[in-house]
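The values are calculated or read from the model by the stated rules, or taken from the named source; none is laboratory data. Note that the coordinates shown come from a computational prediction; the quantities given were computed from them, not determined experimentally. So basically every Cβ, Gly included, is an ideal-geometry build from the backbone, and we count neighbours across all protein chains shown. What goes into the accessible areas is simple: the full protein's heavy atoms, side chains included, and nothing from ligands, DNA or RNA. Shrake-Rupley method; radii C 1.70, N 1.55, O 1.52, S 1.80 Å.
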Amino acid sequence: MCLATATPEGRPSNRMVLMKGYDQRGFMFYTNYSSRKGQELQQNNYASLCFWWEPLHRSVRVEGKVQTLSGAESDSYFHSRPRGSQIGAVVSHQSSVLAHGREELEQRERELQQEYADETIEIPRPANWGGYVVVPSVIEFWHGKQSRLHDRLQYTRTGCHWKMERLSP
């Protein structure tokens, strides 16, 4: 899914992230809290998501407030990941400049692979890594039409109810 965040000044940025789940709260993803997206969410906790299915000419757009998932949920997901992915999360200072190139990243990976060569030793989840949930306040379903008179259905949350409106293309 494409995740869009913005600075407090309204400067947007977007990137693809892996949706790891959804429930009655919203849509979940995990990342480094110190990354650009993590910093932007700390300063402005609103985001939008976009799911795109080109062969079907369909998309779903979600807007909402973002909340941090509990440490227990983040720990559970972190330890369900392949060991290499856990090491990658520890090694990467996501979005920071690699002053000495990729080699510094690969060197730190080799060091952690040695440190945790015994697979009975659990790799601790970094304090700056965990999950978020986008709590939807608006969801729009778009269905493309050859005529360009696309179908757009927008659902807006008011309390615990959803109001549906058809939008002009």
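Here are the numbers:
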item	result
Unique match (being under 23 Å from the mean Cα position of the chain (by Cα) and open to solvent by less than 70 Å² (accessible area, probe 1.4 Å)) among 116, 77	77
Counted residues, the stretch 40-57 - those being open to solvent by 40 Å² or more (accessible area, probe 1.4 Å) and either within 13 Å of the chain's Cα centre (by Cα) or of a type outside the set (S, T, N, Q) (or both)	9
Candidates 54, 106, filtered to the one that is over 21 Å from residue 126 (Cα atoms) and among the charged types (D, E, K, R)	54
Criterion: open to solvent by less than 50 Å² (accessible area, probe 1.4 Å) and touching a helix residue (DSSP H, G or I) at 6+ places or on another chain (Cβ under 9 Å) - qualifying residue of 167, 98, 105	105
First in the stretch 117-140 and closer than 18 Å to residue 89 by Cα, second anywhere and of a type in the set (D, E, K, R), Cβ under 6 Å, 6 or more apart	125/75; 131/73
Any hit, the stretch 18-36, residues being open to solvent by less than 80 Å² (accessible area, probe 1.4 Å), in contact with a helix residue (DSSP H, G or I) (Cβ under 8 Å, 6 or more places away or on another chain) and either among the β-branched types (Val, Ile, Thr) or on the phi > 0 side of the Ramachandran plot (or both)	yes
